[in-house]
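First up is the structure itself, then whatever we jot down about it.
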Amino acid sequence: FCIMGGQSSKPQQRVLIAVDGSSHSQNAFDWYRTNLATPGEDVILFHTGSLPSHLVAPTGIPASDSDVRQAEESLRKRVARLEESMMEQCKQHSMQCRWKYADSLSPGPAVVDASAEEKADLVVMGTRGLGTIRRTILGSVSEFVISHSRRPVVVVPPPPQQ
Amino acid sequence: MASPPAAIAGASPESKAQLQHSKASPTADEQAVQNRSILIAIDRSRHSERALRWYASKIHSNEDRVVFVNVTEPPDLALGFGMAGAAVAEIYTKAVEETVEAAKRLAVNVKTICRSFGIEKIRFLERISHSPGQAIIEAAEEEQADLIILGSRGVGVLRRTFLGSVSDYVLHHSRRSAVLVVPAEQHHHSEAGGQHYSVQGKPAVEDQDVGDQAAKQEG
């Protein structure tokens, strides 16, 4: 077993990275890879999505079967594309990654639940970083997760504008 | 900020040799984190001690540059109306000296904890500021921190974690990554009721005064 930077004695960690296809979550993934990742670490790429809410919750006008099927198909494709792209990056960087998907209308609670379920040692999230110069807007998902997470959470802001 | 895999170019001859003999794949080796700048926000509460221990046991690498920042707020003083200038200065000086002494005791305790994890090379930044959160962010910029380590105050009755106003400020204003170290899941009892929302640097009564404990042990 090789010794690298004195980390050979550390227990291998399980890290859950919230991914949503946005540049912020890509940035969080890249930050994790260059600053925290150690060989052998168990990385869970967690994505949550759902059909548009009007197709999921009962509304006055029931959606047609074909609408629902179309929405399901397009969701499935989008998720598959994201999975492929993220897993390919993991492969390129020899990271031990696992894809995890959950249907949910509420990404915040989904991330908290997933990290508890997986007993993640660390949760990694990107933030939106919009807003005034003085205050970063974390986004509703990050806000929820940092307020409710039972596991350590890394909040990764977007890179500074060049 | 740590640079991408190109950082391998700066590796020492010893670590390069190790990498060549490594059984792990070449690409994973390139990811070995090098020369990170880590800023740990520390105060006298057990929450920041927890954050330190978390970093030391899970994250620390011998190549990390570890910097602690302790921020206390300027002392509150009751000054008599019409007091002579010299008396005012004396009272203020005394209050600042007490703050500095408390910070020194904290530094001793932090050093002891670090040593127990084999972390010897550490630096301390002592700051007095009305806005501890802002002071931490400024320190992070000075140190070009790759990661800021923050403690959280625990889990409350309503299953919400209490960040503490300083950690909350840093998380919302930082342009650099920050990790919030929450307590282990076993602690479901309420550590922080709604009214226990004190500002770090003025630990609430229930918080163990970690810095003074060390002084007692050495005393």
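The values are calculated or read from the model by the stated rules, or taken from the named source; none is laboratory data. This is a predicted model, so every value here is computed, not measured. Here the Cβ is made from the backbone with ideal geometry for all residues, glycine too, and neighbour counts use every protein chain on show. Heads up: the accessible areas ignore ligands, DNA and RNA and are worked out on the full protein's heavy atoms, side chains in. Shrake-Rupley method; radii C 1.70, N 1.55, O 1.52, S 1.80 Å.
Taking amide H as placed 1.01 Å from N in the peptide plane, A:I44 has its amide H under 5 Å from the amide H of A:V15, A:L16, A:I17, A:R98, each at least 5 places away in sequence or on another chain. Of all beta bridges DSSP finds with both residues in segment B:37-182, what is the antiparallel percent, to the nearest 5? Here the share of antiparallel DSSP bridges comes out near 10 percent.
Specify whether the C-alpha gyration tensor of chain A places it in the rounded, prolate or oblate class, a ≥ b ≥ c being the square roots of the eigenvalues: rounded for a/c under 1.5, otherwise prolate if a/b is larger than b/c and oblate if not.
Because a/c hits 1.5 or more and a/b exceeds b/c, chain A counts as prolate.
With θ taken as phi - 60° and the Karplus curve 6.51 cos²θ - 1.76 cosθ + 1.60 applied, the whole-hertz 3J(HN,Hα) list for segment A:115-125 is 5, 6, 4, 7, 6, 5, 7, 7, 10, 10, 9 Hz, x standing for glycine and proline. Net charge of the neighbourhood of B:R176, taken over other residues with C-beta under 9 Å away and scored Lys/Arg +1, Asp/Glu -1, is -1.
Probe radius 1.4 Å, ligands and nucleic acids left out: which of A:D67, B:D43 has the largest accessible area, and how do the rest follow?
On the way: A:D67 75, B:D43 10 Å².
Descending order: A:D67, B:D43.
Note that segment B:40-48 has calculated 3J(HN,Hα) couplings of 10, 7, 10, 9, 8, 8, 6, 5, 6 Hz, one per residue in order, obtained from phi through the Karplus relation 6.51 cos²θ - 1.76 cosθ + 1.60 (θ = phi - 60°); glycine and proline are x.
Note on segment B:37-182: Kirkwood radius taken over Cα pairs, Stokes-Einstein applied at 10 °C and 1.306 mPa s, translational D equal to 97 µm² s⁻¹. Under a 5 Å amide H cut-off, with hydrogens placed 1.01 Å from N, A:S104 pairs with A:G49, A:S50 among residues at least 5 apart or on other chains. Take B:E143: with every protein chain present and a 1.4 Å probe, its accessible area is about 30 Å².
Computed from phi, the 3J(HN,Hα) profile of segment B:131-138 under the Karplus parametrisation 6.51, -1.76, 1.60 (θ = phi - 60°) reads 10, x, x, 5, 5, 5, 5, 5 Hz, with x in place of Gly and Pro.
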